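Visitor: Provided herewith is a single structure, encoded as structure tokens, for subsequent inquiry.
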Amino acid sequence: SFLTIPLMVFIMKVLTFFKKRAYVHSDKRLKYINEILQGIKVMKYMGWEDKYLKRVQDTRKRENKETLGSAMARAVMNTMLNFSPSL
């Protein structure tokens, strides 16, 4: 119905918000992994594996949080579409 359209627009904005934030964290994580791969010999020699592993894991946790928010917004939107009357 026409009443659900404004709510759907809002949910799409929330979905976009979470997706953009997840992409930021994903880019950071990939940057860290790239640094690790390029400097693996130095990192091993200096014993920095744990430091870099923690950075990658922390970034992945933040990325997962944003992805969860996006998935929840998508689930709400799909539920509304399934239960709203068709025109």
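The values are calculated or read from the model by the stated rules, or taken from the named source; none is laboratory data. In this text, all values refer to a predicted model and were calculated from it rather than measured experimentally. Positions of Cβ are generated from backbone atoms using ideal geometry, with glycine treated the same way; all protein chains shown enter the neighbour counts. Calculation scope for accessible area: heavy atoms of the full protein, side chains included, ligands and nucleic acids excluded. Shrake-Rupley method; radii C 1.70, N 1.55, O 1.52, S 1.80 Å.
Visitor: Could you please find all residues in region 1-35 being outside any helix (DSSP H, G or I) and open to solvent by 60 Å² or more (accessible area, probe 1.4 Å)?
Guide: 2, 3
Visitor: Next up: Just to check your reading of the model, which residue among 47, 69 is more than 27 Å from the chain's Cα centre (by Cα) and at pLDDT 85 or above? Walk me through how you get there before you give the answer.
Guide: Details: 69 fails: more than 27 Å from the chain's Cα centre (by Cα).
Step by step, each of 47, 69 is checked, and only 47 is more than 27 Å from the chain's Cα centre (by Cα) and at pLDDT 85 or above.
Visitor: On to the next question. Could you list, in sequence order, all residues of region 36-74 that are surrounded by fewer than 11 Cβ atoms within 10 Å (Cβ to Cβ) and of a type in the set (A, V, I, L, M)?
Guide: 37, 42, 46
Visitor: Also, quick follow-up: Give the residues of region 36-77 that are in a helix (DSSP H, G or I) and aromatic (Phe, Trp, Tyr), sorted by residue number.
Guide: Correct list: 45, 52.
Visitor: Taking only pairs six or more apart or across chains, which ones have beta-carbon atoms under 7 Å, a first residue in region 25-41 that is among the hydrophobic types (A, V, I, L, M, F, W, C), and a second residue that is modelled with pLDDT under 90?
Guide: Listed by first residue and then by second, the contacts come to 36/43; 36/52.
Visitor: Scan region 5-29 residue by residue and report those that are of a type in the set (Val, Ile, Thr) and touching a helix residue (DSSP H, G or I) at 6+ places or on another chain (Cβ under 6 Å). Break it down into steps so the answer makes sense when it comes.
Guide: Narrowing region 5-29 to residues of a type in the set (Val, Ile, Thr): 5, 9, 11, 14, 16, 24.
Of everything in region 5-29, those that are of a type in the set (Val, Ile, Thr) and touching a helix residue (DSSP H, G or I) at 6+ places or on another chain (Cβ under 6 Å) turn out to be 11, 14.
Visitor: Determine the pairs where a residue that is farther than 16 Å from residue 17 by Cβ, located within region 63-87, has a partner that is polar (S, T, N, Q) and in a helix (DSSP H, G or I) with Cβ atoms under 6 Å apart, the partner being 6 or more residues away or on another chain.
Guide: 80/4; 84/4
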